[in-house]
Each structure stands twice: as structure tokens, then as C-alpha cells.
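J.: Take a look at the following structure, please.
The values are calculated or read from the model by the stated rules, or taken from the named source; none is laboratory data. Predicted model, so just to flag it, every value in this text is computed and none were measured. All Cβ positions, even for glycine, are placed from backbone atoms using ideal geometry, and neighbour counts span all protein chains on display. Surface areas here come from the heavy atoms of the whole protein model, side chains and all, with no ligands, DNA or RNA. Shrake-Rupley method; radii C 1.70, N 1.55, O 1.52, S 1.80 Å.
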Amino acid sequence: DAGVTQSPTHLIKTRGQQVTLRCSPKSGHDTVSWYQQALGQGPQFIFQYYEEEERQRGNFPDRFSGHQFPNYSSELNVNALLLGDSALYLCASRRSLADTGELFFGEGSRLTVL
Amino acid sequence: AQRVTQPEKLLSVFKGAPVELKCNYSYSGSPELFWYVQYSRQRLQLLLRHISRESIKGFTADLNKGETSFHLKKPFAQEEDSAMYYCALRRPSGGSNYKLTFGKGTLLTVNP
């Protein structure tokens with residue numbers, strides 16, 4: 001089991017562009033969350049997807065949107081990129097019926113906005 | 001609003017010394033508290049959760065509701081404990097809430 005996988009690992013964009021990040025959850029997991037981790041900060045919750053719907057959202061603007069597919073994989077889209085969107089984007093998965101409190105994280109996608 | 005504060009950005013101890021990583025939280029109810037750890041070149045992973053009252057890799061953490069703290073402790077630090085440690089909080093949910101609020105993290109270095 002490869003665990004949570006994310007792509008791409010690194011990418012560079014310019015201000016105003018759009019980006020799509022992808023995540024495949026750990027085998028057997030059906031719930032995916034996205035976090036933004038700026039340099040020197042802890043991860044900050046963006047949103048969570050379950051059954052292909054956004055179930056919970058953090059304090060992020062509408063420029064941040066997502067999607068979950070029938071195979072439970074997920075995408076994070078960010079439009080009209082700002083310099084401040086430069087960060088490590090983490091995907092985390094869990095199994096909805098096993099509410100142990102544990103999230104399984106991917107290695108992240110590092111976005112640099114120039 | 002819920003908040004997690006880890007007052008120490010960096011903590012350096014010698015091997016065999018006791019270590020305590022501090023975590024304070026603000027939340028009006030009874031939250032669930034966790035410690036996550038990230039070793040060098042590895043992904044973020046759960047270390048322990050307060051509801052389990054378990055000891056993992058010699059680490060323990062006790063939830064003190066009076067002081068709103070959840071400090072992580074280990075009596076004898078080992079070099080392999082060197083890592084970034086994050087304290088995290090979740091509102092009680094019944095299973096539908098999975099938003100974790102993280103602190104900024106403490107980088108622990110255990111010197112030989």
C-alpha cells in the first residue's frame with residue numbers, strides 16, 4: 001500500500017494562473033481533506049470531501065475549490081493565484097467508519113507562485 | 001474560535017535528558033487533542049491522541065482541562081526523537097467533523 005499519494009510534488013506558477021493538485025487516498029479510505037502549510041506554520045484546513053461532496057470548509061476564499069471522484073481520489077484547484085498561495089499543500093485521508101482520530105497524510109505538493 | 005499554541009519553535013536537549021513539548025489550546029468545550037510528528041524526509045503522522053491515554057515511543061501526554069494544556073513528555077530523550085512535533089485539536093464531532101487545528105510546531109533536536 002503506497003499510502004496517500006499526491007502529484008505533482010513541486011510546481012511553479014505565476015500570479016493570476018490556475019493550478020490543479022491531485023491526491024489518491026490510502027487504500028480503503030473514502031474521505032479526503034486538504035491542508036495548506038505555509039513556511040514556518042502548521043497545516044491549515046482548507047476543506048474535506050466525502051461522498052463526492054464538500055462537507056466542511058475552512059477559512060479560505062472561493063478561489064480554492066475541490067472535487068472528489070467516485071474512486072475517492074480528489075483534486076484541489078486554486079484560481080487567480082496570489083504570491084501568498086505559495087505553500088506546501090497536504091492531502092490527508094481516512095476511513096469514514098473508523099473515526100479513530102487519525103489522518104494519513106501525503107508528502108505534499110509544493111507550490112511556488114512568482 | 002479554536003486555537004492551538006506551541007510556544008517553543010525550537011527545543012534542543014541532550015540524549016537521556018527529559019523532554020517536554022508544550023501545547024496550550026483555546027476552546028470552550030471538550031476538544032480532542034492529538035500530537036502529530038514529522039521525522040526528517042517522512043510524512044506527517046499521528047504520534048498519539050489523548051483519548052487513548054497511550055504511551056507511544058515512550059511519549060505521553062495528559063490533557064489538563066484546567067490549564068487548557070496537552071504537553072508532550074518523555075523521560076529520556078533519544079536521538080531518533082529529533083523531529084518536528086505538531087499539537088492539533090478537533091472539536092468533538094460524532095464522526096462528521098474532521099477539521100484539525102494545528103499549532104505552528106516545535107522542532108526538537110536531541111544531541112548525542
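J.: Show the residue pairs that are 6+ apart or on different chains and have beta-carbon atoms under 9 Å apart, the first residue being within the stretch B:69-86 and under 11 Å from B:PHE34 (Cα atoms), the second being acidic (Asp, Glu) and open to solvent by 20 Å² or more (accessible area, probe 1.4 Å).
T.: B:PHE70/B:ASP62; B:HIS71/B:GLU20; B:HIS71/B:ASP62; B:LEU72/B:GLU20
J.: Then there is this: Closer than 26 Å to A:SER109 by Cα, open to solvent by 60 Å² or more (accessible area, probe 1.4 Å) and either more than 14 Å from chain A (Cβ to nearest Cβ) or touching a strand residue (DSSP E or B) at 6+ places or on another chain (Cβ under 7 Å) (or both): does that describe B:GLN6? Step through it out loud before you land on a result.
T.: Working: closer than 26 Å to A:SER109 by Cα: yes; open to solvent by 60 Å² or more (accessible area, probe 1.4 Å): no; either more than 14 Å from chain A (Cβ to nearest Cβ) or touching a strand residue (DSSP E or B) at 6+ places or on another chain (Cβ under 7 Å) (or both): yes.
No: the conditions fail for B:GLN6.
J.: While we're on this one: Identify the single condition in (1) closer than 15 Å to B:ASN24 by Cα; (2) touching a residue at least 12 places away in the same chain (Cβ under 8 Å) that B:LEU108 does not satisfy, given that it satisfies every other one.
T.: (1)
J.: Against the definition (at the interface with chain B (Cβ under 10 Å from one of its Cβ atoms) and either open to solvent by 50 Å² or more (accessible area, probe 1.4 Å) or acidic (Asp, Glu) (or both)), how does A:TYR35 come out, yes or no?
T.: no
J.: May I ask you to verify whether A:THR14 is closer than 30 Å to B:LEU10 by Cα, open to solvent by 50 Å² or more (accessible area, probe 1.4 Å) and either at pLDDT below 95 or more than 14 Å from chain B (Cβ to nearest Cβ) (or both)?
T.: Values: closer than 30 Å to B:LEU10 by Cα: no; open to solvent by 50 Å² or more (accessible area, probe 1.4 Å): yes; either at pLDDT below 95 or more than 14 Å from chain B (Cβ to nearest Cβ) (or both): yes.
The answer is no for A:THR14.
J.: Looking only at the stretch B:9-48, how many residues end up being open to solvent by less than 40 Å² (accessible area, probe 1.4 Å) and under 30 Å from A:ALA2 (Cβ atoms)?
T.: Summing the residues that are open to solvent by less than 40 Å² (accessible area, probe 1.4 Å) and under 30 Å from A:ALA2 (Cβ atoms) in the stretch B:9-48 gives 11.
J.: Can you spot a residue in the stretch A:54-68 that is more than 11 Å from chain B (Cβ to nearest Cβ), under 19 Å from B:LEU44 (Cβ atoms) and open to solvent by less than 20 Å² (accessible area, probe 1.4 Å)?
T.: So the first thing to find is which residues in the stretch A:54-68 are more than 11 Å from chain B (Cβ to nearest Cβ), and the list is A:54, A:60-68.
Those left that are additionally under 19 Å from B:LEU44 (Cβ atoms): none.
No, because not a single residue in the stretch A:54-68 is more than 11 Å from chain B (Cβ to nearest Cβ), under 19 Å from B:LEU44 (Cβ atoms) and open to solvent by less than 20 Å² (accessible area, probe 1.4 Å).
J.: Within 13 Å of chain A (Cβ to nearest Cβ), of a type in the set (Ser, Thr, Tyr), surrounded by 14 or more Cβ atoms within 10 Å (Cβ to Cβ) and assigned to a loop (DSSP other than H, G, I, E, B) - does that describe any residue in the stretch B:71-92?
T.: Among the residues of the stretch B:71-92, not one is within 13 Å of chain A (Cβ to nearest Cβ), of a type in the set (Ser, Thr, Tyr), surrounded by 14 or more Cβ atoms within 10 Å (Cβ to Cβ) and assigned to a loop (DSSP other than H, G, I, E, B), which makes the answer no.
J.: Out of the strands (runs of 3 or more DSSP E) lying entirely within the stretch B:1-66, which hold 3 or more residues that are closer than 14 Å to B:SER82 by Cα?
T.: B:10-14, B:19-21, B:32-38
J.: What about A:LEU111, is it more than 14 Å from chain B (Cβ to nearest Cβ), farther than 30 Å from B:GLU8 by Cα, aliphatic (A, V, I, L, M) and part of a strand (DSSP E or B)?
T.: no
J.: Which one is least open to solvent (accessible area, probe 1.4 Å), of the residues in the stretch A:90-112 that are in contact with a strand residue (DSSP E or B) (Cβ under 8 Å, 6 or more places away or on another chain) and modelled with pLDDT under 90? Working first, answer last.
T.: Residues of the stretch A:90-112 in contact with a strand residue (DSSP E or B) (Cβ under 8 Å, 6 or more places away or on another chain): A:90-96, A:100-112.
From the residues that got through so far, the ones that are modelled with pLDDT under 90 too are A:95-96, A:100-102.
Numbers: A:ARG95: 114, A:SER96: 24, A:THR100: 63, A:GLY101: 1, A:GLU102: 51 Å².
Step by step, filter the stretch A:90-112, then rank; the result is A:GLY101.
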